[in-house]
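Notes for the one structure printed next.
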């Protein structure tokens, strides 16, 4: 017999900082009350994951997060047999743990996962609320508290990587975007502990980059990167150097775009 699994380790003990931008908190609460599967759509680093953490904390539910990638197999999600000293034993995957014990399961960047992997979530997202463990010959019936949440970045999709309609049609969806300049400056200031003026300047640089999206940039500068830049400034790095390091070099290798953003940094932190 293995050790007893404790789902409480996945509870979020401290309130994560989340700045609501509209009615998303009570919309999500209604969706959770109905145990609807949820899709959170929006650009990378705009606060989707933080929102899920905040809602799990607010609802007092454990949260199991899976960062999806193209090498992820169905077994990585549902579980597999492992060899040990006594032969083989079954180990539940994160999706199975969440379904069995009543956690919120958050599949981050679901588009990155292979389509044959995403199919395993289908029976959990309709009236059945079940998860067949074919290799084990077991049908897991989802705990009453279980909810499935996925995040999805529509701006990033390509013909190779998009969610199938048969998957999309199983979720209620909420759209997220970067916060308004004022709200975002407040977030950056609070997260990195810097003054409002510096935070406002960083947000202005972020807006320049976001206006280049589709004109040489796949993605704008995320709120997360703005927080990184602010954190470096807080550690004593000169603002222009911090911005180049956190805002420009990570997102582009294109010399022209780099120059454009570097000029914006020089202008904002003249």
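The values are calculated or read from the model by the stated rules, or taken from the named source; none is laboratory data. Fair warning: this is a prediction, and the values are worked out from it, not measured in the lab. Glycine gets a Cβ as well: all are built from the backbone with ideal geometry, and neighbour counts include every protein chain shown.
Return yes when residue 87 is free of Cβ contacts under 8 Å to residues at least 24 places away in the same chain, farther than 20 Å from residue 124 by Cα and surrounded by fewer than 18 Cβ atoms within 10 Å (Cβ to Cβ) and no when it is not. Break it down into steps so the answer makes sense when it comes.
Numbers: free of Cβ contacts under 8 Å to residues at least 24 places away in the same chain: yes; farther than 20 Å from residue 124 by Cα: yes; surrounded by fewer than 18 Cβ atoms within 10 Å (Cβ to Cβ): yes.
Yes; evaluated as a whole, the condition is true for this residue.
Give the residues of region 35-52 that are surrounded by fewer than 20 Cβ atoms within 10 Å (Cβ to Cβ), at positive phi and under 13 Å from the mean Cα position of the chain (by Cα), sorted by residue number.
42
Filter region 171-226 down to the residues that are without any contact (Cβ under 8 Å) to a residue 12 or more places away in the chain and assigned to a helix (DSSP H, G or I) and list them by number.
Selection gives 182, 196, 197, 211.
Show the residue pairs meeting these rules: Cβ distance below 7 Å; 6+ apart or different chains; first residue within region 124-148 and on the phi > 0 side of the Ramachandran plot; second residue buried (at least 19 other Cβ atoms within 10 Å of the Cβ).
Note: pairs meeting the criteria are 129/142.
Tally the residues that are within 15 Å of residue 175 (Cα to Cα) and either part of a helix (DSSP H, G or I) or modelled with pLDDT of 95 or more (or both), restricting the search to region 8-29.
The total comes to 6.
Across region 12-34, what is the total count of residues that are surrounded by 14 or more Cβ atoms within 10 Å (Cβ to Cβ) and touching a residue at least 40 places away in the same chain (Cβ under 8 Å)?
Looking only at that region, the number is 8.
In the set 87, 79, 47, 42, which member is touching a strand residue (DSSP E or B) at 6+ places or on another chain (Cβ under 8 Å), at pLDDT below 95 and either in the same structural domain as residue 133 (by TED's automatic domain parsing) or within 21 Å of residue 180 (Cα to Cα) (or both)?
On the way: 87 fails: touching a strand residue (DSSP E or B) at 6+ places or on another chain (Cβ under 8 Å); 79 fails: at pLDDT below 95; 47 fails: touching a strand residue (DSSP E or B) at 6+ places or on another chain (Cβ under 8 Å).
After applying the criteria, what remains is 42.
If residue 230 satisfies every condition in (1) within 22 Å of the chain's Cα centre (by Cα); (2) surrounded by fewer than 23 Cβ atoms within 10 Å (Cβ to Cβ); (3) assigned to a helix (DSSP H, G or I) but one, which is the exception?
(2)
Is it the case that some residue within region 53-64 is under 23 Å from residue 165 (Cβ atoms), within 19 Å of the chain's Cα centre (by Cα) and without any contact (Cβ under 8 Å) to a residue 60 or more places away in the chain?
no
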